[in-house]
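This report refers to the structure that appears directly beneath it.
The values are calculated or read from the model by the stated rules, or taken from the named source; none is laboratory data. If you're wondering where the values come from, they're calculated on a predicted model, not measured in any experiment. Positions of Cβ are generated from backbone atoms using ideal geometry, with glycine treated the same way; all protein chains shown enter the neighbour counts.
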Amino acid sequence: MYLRKLDYRKNKMESYKRLFENNRKWVEEKKREDKDYFTRLSEGQKPEFFLIGCSDSRVSPNIITGAGPGELFIHRNIANLAVHTDLNFLSALQYAVEVLRVKHIIVKGHYYCGGIRAAMSSEYYGLIDNWLMNIRDVMRLHEKELNSMQDNEQRFRRLVELNVIEQVNNVRGTSVIQKAMRNGSAPLIHGWVYDLHEGLLKDLKVEI
């Protein structure tokens with residue numbers, strides 16, 4: 001038993017150490033391409049985009065958009081929610097709008113989102129159920145449309161889209177954006193969905 005625990009710990013540490021090894025290789029590669037890369041990066045950030053995405057490990061915003069460090073200011077949580085009582089989200093939004101002065105805000109959901117699927121089920125998940133209530137509110141708002149769909153996967157995909165649209169509306173309704181609108185300096189707000197099967201982004205055309 002003791003030896004098995006040692007092997008288990010060793011395997012975990014090997015994957016952990018690999019992250020540092022990958023980091024060193026990345027730094028060396030960047031320095032070969034541009035010796036001043038990190039010097040410029042340390043001088044500050046001026047991203048044009050604030051992206052609200054899902055915490056899912058398969059949907060890294062920088063990778064799927066081809067954006068480099070400094071190009072996206074990112075806030076992530078389960079199912080890409082913009083909740084008016086979430087001080088973490090509101091603080092990031094205010095910083096993006098009032099300090100960084102981003103030109104665009106993007107809410108990016110993705111098909112096959114675990115948070116959306118969990119919200120659709122009747123299972124008990126514990127603490128996260130409180131967070132999922134925000135998605136269930138979206139389901140309630142669009143109950144007629146969702147119930148008209150016979151295919152569960154079609155309903156699942158549509159709820160992903162409806163959730164993004166509602167979060168776009170939530171962003172617009174924040175005091176941060178309302179203030180920016182009154183000042184004539186509000187960024188454009190967009191809703192996207194990422195398709196894991198195809199790797200492509202879909203613009204839901206809900207620009208505000």
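So that you can scan it fast, the table gives a plain yes or no per residue for (1) loosely packed, with under 15 Cβ neighbours inside 10 Å; (2) touching a residue at least 12 places away in the same chain (Cβ under 8 Å); (3) at negative phi:
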residue	(1), (2), (3)
Tyr125	yes, no, yes
Leu141	yes, yes, yes
Val168	no, yes, yes
Val171	no, yes, yes
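Rundown of residues vs (1) free of Cβ contacts under 8 Å to residues at least 12 places away in the same chain; (2) outside the structural domain of Ile189 (by TED's automatic domain parsing); (3) on the phi > 0 side of the Ramachandran plot, yes/no style:
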{"position": "Lys10", "(1), (2), (3)": "yes, yes, no"}
{"position": "Met13", "(1), (2), (3)": "yes, yes, no"}
{"position": "Asn23", "(1), (2), (3)": "yes, yes, no"}
{"position": "Ile63", "(1), (2), (3)": "yes, no, no"}
{"position": "Glu71", "(1), (2), (3)": "no, no, no"}
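Working only within segment 67-93, note down all residues that are modelled with pLDDT of 95 or more and of a type outside the set (A, V, I, L, M).
Glu71, Phe73, His75, Arg76, Asn77, Asn80, His84, Thr85, Asp86, Asn88, Phe89, Ser91
Hey, among Met149, Met133, Met181, which residue is assigned to a helix (DSSP H, G or I) and more than 19 Å from the chain's Cα centre (by Cα)? Please lay out each step first, then the result.
Values: Met149 fails: assigned to a helix (DSSP H, G or I); Met133 fails: more than 19 Å from the chain's Cα centre (by Cα).
Answer to the selection: Met181.
Of the residues in segment 173-192, how many are farther than 22 Å from Asp86 by Cα and in contact (Cβ under 8 Å) with a residue 40 or more places away in the chain?
Residues meeting the conditions: 1.
Being under 30 Å from Met120 (Cα atoms) and modelled with pLDDT of 95 or more, is that true of even one residue in segment 17-31? If you could, list the steps in order and put the result at the bottom.
Keep residues of segment 17-31 that are under 30 Å from Met120 (Cα atoms), which gives none.
No; the residues of segment 17-31 include none that is under 30 Å from Met120 (Cα atoms) and modelled with pLDDT of 95 or more.
Of all residues in segment 57-100, which are among the small types (Gly, Ala, Ser), crowded, with 18+ Cβ neighbours inside 10 Å and part of a loop (DSSP other than H, G, I, E, B)?
Result: Ala79, Ala82.
Is at least one residue of segment 184-193 surrounded by fewer than 11 Cβ atoms within 10 Å (Cβ to Cβ) and more than 27 Å from Ile63 (Cα to Cα)?
yes
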